[in-house]
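Visitor: I have a structure I would like to understand better, so I am pasting it below and will then ask my questions one at a time.
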Amino acid sequence: MDERFDGYTIIASEKYKRYKDILAVLLDDDMTYTHEEIDEILQNEFNRQIVEFKN
């Protein structure tokens with residue numbers, strides 16, 4: 001079984017520190033995640049289409 005981490009540990013980690021702002025928004029405080037799940041969450045967000053609103 002893969003090791004699981006809470007959001008605070010993930011955001012504080014060296015591996016994910018450059019993504020800490022986006023992970024702080026995307027990760028649920030009540031859940032734990034594997035490295036694979038975190039990578040998938042990031043990939044899904046980076047591949048999401050950008051919607052531009054004009055006034």
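Visitor: Quick check on this structure: which one of Glu36, Glu45, Glu3, Glu14 is open to solvent by less than 60 Å² (accessible area, probe 1.4 Å) and of a type outside the set (A, V, I, L, M, F, W, C)? If you could, list the steps in order and put the result at the bottom.
Guide: Working: Glu36 fails: open to solvent by less than 60 Å² (accessible area, probe 1.4 Å); Glu3 fails: open to solvent by less than 60 Å² (accessible area, probe 1.4 Å); Glu14 fails: open to solvent by less than 60 Å² (accessible area, probe 1.4 Å).
None of the other options fit; the residue is Glu45.
Visitor: Still on this structure: Given the conditions (1) more than 11 Å from the chain's Cα centre (by Cα); (2) at pLDDT 95 or above, and given that Phe53 satisfies all but one, which numbered condition is not satisfied?
Guide: (2)
Visitor: Next question, about the same structure. Across segment 19-33, what is the number of residues that are among the aromatic types (Phe, Trp, Tyr) and open to solvent by 60 Å² or more (accessible area, probe 1.4 Å)?
Guide: Taking segment 19-33 as the starting set, the residues that turn out to be among the aromatic types (Phe, Trp, Tyr) are 19, 33.
From what is left, the residues that are open to solvent by 60 Å² or more (accessible area, probe 1.4 Å) are none.
Qualifying residue count, segment 19-33: 0.
Visitor: Mind checking which pairs have a first residue in segment 2-20 that is within 14 Å of Asp30 (Cβ to Cβ) and a second that is small (Gly, Ala, Ser) and in a loop (DSSP other than H, G, I, E, B), Cβ under 9 Å, 6 or more apart or different chains?
Guide: From residues that are within 14 Å of Asp30 (Cβ to Cβ), the pairs are Phe5/Ser13.
The values are calculated or read from the model by the stated rules, or taken from the named source; none is laboratory data. The structure presented is a predicted model; accordingly, all values stated were derived computationally and were not measured. Methodologically, a virtual Cβ is constructed for each residue, glycine included, from the backbone with ideal geometry; neighbour enumeration extends over all protein chains shown. Only protein heavy atoms, including side chains, enter the accessible area calculation; ligands, DNA and RNA are left aside. Shrake-Rupley method; radii C 1.70, N 1.55, O 1.52, S 1.80 Å.
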